Amino acid sequence: MFTYQIDDEVSLALPRPKIDAEAIFQLIDESRNELVTWLPWVTGTTAVADEEKFLANDLEKFGTSTSMTTIILYKNHPAGMISFNRFREMDQSAEIGYWLGTRFIGKGIMHRAVVGMCQIGFNDYKVNKIEIHAAVDNARSNHVAQKAGFHLDGTIRADKLLSDGFHDGNIWTMLKDDWEIVVNIKPQ
């Protein structure tokens, strides 16, 4: 397994579709009620085969450098997923998307995963800007962006089509220059 170790508890791993699909599907299934509100794809993920196909497709995109999806591991157990949903050459940016299984909420896992993705994005992919898009009323997702030091650039009206209709969306950004300041002020 190819992993990126963030700290003693949290790491990111490239998915192995045939091996990881069942565990990720189970995590989605047990967290379905919480996830479906913000992630429309949850409704269509009804079997392990659906997840295996999704993971295989994401690995293909990783191979063509159009995105990068990882499994968030907490104490070596799948806790959720985080990805660069897209890379945009025009402005040297990447967009992060993420979800966490319900039983893993409140442990600071997603904050650490976002920090790890910023390290990868700025150091390895050499992007200049990382974005997080979150529905305005998704308090947890907005809190993750804020806690990680992202700047709230603004709100786009009717940005997200969710199961109950359109929702306004916040756009949070971290520039490479901002990141270098954040990293330097953290105690060693």
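Miscellaneous remarks
- Equivalent ellipsoid semi-axes - Cα gyration tensor, the stretch 1-89, angstrom: 19, 17, 13
- For the stretch 1-144, the share of accessible area belonging to carbon and sulfur comes to 52 percent (1.4 Å probe, ligands and nucleic acids excluded).
- Compactness of the stretch 50-188 as Cα Rg over 2.2 N^0.38 Å, two decimals: 1.05
- All other residues whose Cβ lies under 15 angstrom from that of Lys75 are scored, Lys and Arg at +1 and Asp and Glu at -1, for a net of 0.
- In the context of the full set of protein chains, residues of the stretch 1-79 present 56 Å² of accessible surface per residue (probe radius 1.4 Å, heavy atoms only).
- Contact order for the stretch 47-147, expressed relative to its length and based on alpha carbon pairs under 8 Å spaced 6+ residues apart, stands at 19 percent.
- The calculated pair-distance distribution of the stretch 112-188 uses every alpha carbon pair, bins of 5 angstrom beginning at 0, and gives 3, 16, 24, 22, 15, 11, 5, 2, 1, 0 percent.
The values are calculated or read from the model by the stated rules, or taken from the named source; none is laboratory data. Please read all numbers here as calculations on a predicted model, not as lab measurements. All Cβ positions, glycine included, derive from the backbone under ideal geometry; neighbour counts span all protein chains shown. All accessible areas refer to the heavy atoms of the entire protein, side chains included, with ligands and DNA or RNA removed. Shrake-Rupley method; radii C 1.70, N 1.55, O 1.52, S 1.80 Å.
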